[in-house]
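Engineer: Structure incoming, see below.
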Amino acid sequence: MNSISLSQALKRKNRLAGEVARLRQIVERENSRKESKPSRADVRKAFEDSVARSRELAALKGAIAAANAGVVTEGHGIYGKLNLQAELRGLIAFLKALNAKEGEEVERVGFLSRDEATRAIYVAEIKRDEIDRNVVAYQTEIERLQDEIDEFNAATHIVVAA
């Protein structure tokens, strides 16, 4: 583990967030396409990289939050789990909205009465069943993190004014 200043960590966080957004845009743009159009990107690699960067981002956000709270131990307290949970929720929302259109579709080309019907075949790199499996896996991870957060909350006591 390297030690960096909080200002460096904030800059790195912003770069990582930008990288996650860029990779997700690639996945959104290229996942479902007409079979006749060549793929312009490795969708699967972009998706896997976006997941890895999201996990990195959650850990970094946790470290920043811990530092802001005065917790400078390596585990960062509960902050890493809270941020990972938030990133996983965002990933689930992204996956649920991802276009995974596949198969043949009739498209209308033209203007009103002169429409011509053309058939287009769509292919998706990340298919709906894979998306559904990933959503379930990420939701299971969120639930596990929530159990750990609940344990922390139950075991942590604070001093409050009477």
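Engineer: Using the Cα gyration tensor of segment 17-92, with a ≥ b ≥ c the square roots of its eigenvalues, what is the shape: rounded (a/c below 1.5), prolate (a/b larger than b/c) or oblate (neither)?
Structural biologist: Here segment 17-92 falls in the prolate category.
Engineer: Taking every pair of distinct Cα atoms and averaging 1/r, then inverting, what Kirkwood hydrodynamic radius in Å comes out for segment 1-56?
Structural biologist: Taking the inverse mean of 1/r over all distinct Cα pairs, segment 1-56 comes out at 12.7 Å.
Engineer: May I ask for the Rg/Rh ratio of segment 32-162, computed from Cα atoms with Rh as the Kirkwood radius, given to two decimals?
Structural biologist: Result for segment 32-162 is an Rg/Rh of 1.22.
Engineer: For the chain, what does the helix formula give at 222 nm: sum of -39500 (n - 2.57) over DSSP H segments with n ≥ 4, over the residue count, nearest 500 deg cm²/dmol?
Structural biologist: Helix-only estimate at 222 nm: -21500 deg cm²/dmol.
Engineer: Further question on the same structure: Short version: ³J(HN,Hα) in whole Hz for each residue of segment 58-67, in order, from phi by Karplus 6.51 cos²θ - 1.76 cosθ + 1.60 (θ = phi - 60°), x for Gly and Pro, what are they?
Structural biologist: These are the phi-based 3J(HN,Hα) values: 4, 5, 5, 4, x, 5, 5, 4, 5, 4 Hz.
Engineer: For each of Tyr79, Tyr122, count neighbouring Cβ atoms within 10 Å of the residue's Cβ, then give the residues from fewest to most.
Structural biologist: Tyr122, Tyr79
Engineer: Return the long-range amide H neighbours of Asn31 (sequence gap of 5 or more, or a different chain), with a cut-off of under 5 Å between placed amide H atoms.
Structural biologist: none
Engineer: Hey, in the GNM for the chain with a 10 angstrom Cα cutoff, which one of Val106, Val27, Val51 fluctuates hardest?
Structural biologist: Highest fluctuation among the options: Val106.
Engineer: Treat every Asp and Glu Cβ in the chain as -1 and every Lys and Arg Cβ as +1, leave all other atoms uncharged, and give the resulting dipole magnitude about the Cα centre to the nearest 20 debye.
Structural biologist: Roughly 720 debye, rounded to the nearest 20.
Engineer: Right, another one. Build a GNM of the chain with springs between Cα atoms under 10 Å: which of Ala100, Ala58, Ala67 gets the top mean-square fluctuation?
Structural biologist: With Cα springs under 10 Å in the chain, the top fluctuation among Ala100, Ala58, Ala67 is at Ala67.
Engineer: Please give the contour-minus-distance gain from Ala117 to Arg144: 0.36 nm per residue of separation, less the Cα-Cα distance, rounded to one decimal in nm.
Structural biologist: Contour length minus Cα-Cα distance gives 4.7 nm.
Every number here is computed from the coordinates shown, using simple stated rules; none is lab data. Being a predicted model, the structure only gives us computed values, none of them experimental. In this analysis, Cβ positions are derived from the backbone assuming ideal geometry, glycine residues included, and neighbour counts consider all displayed protein chains.
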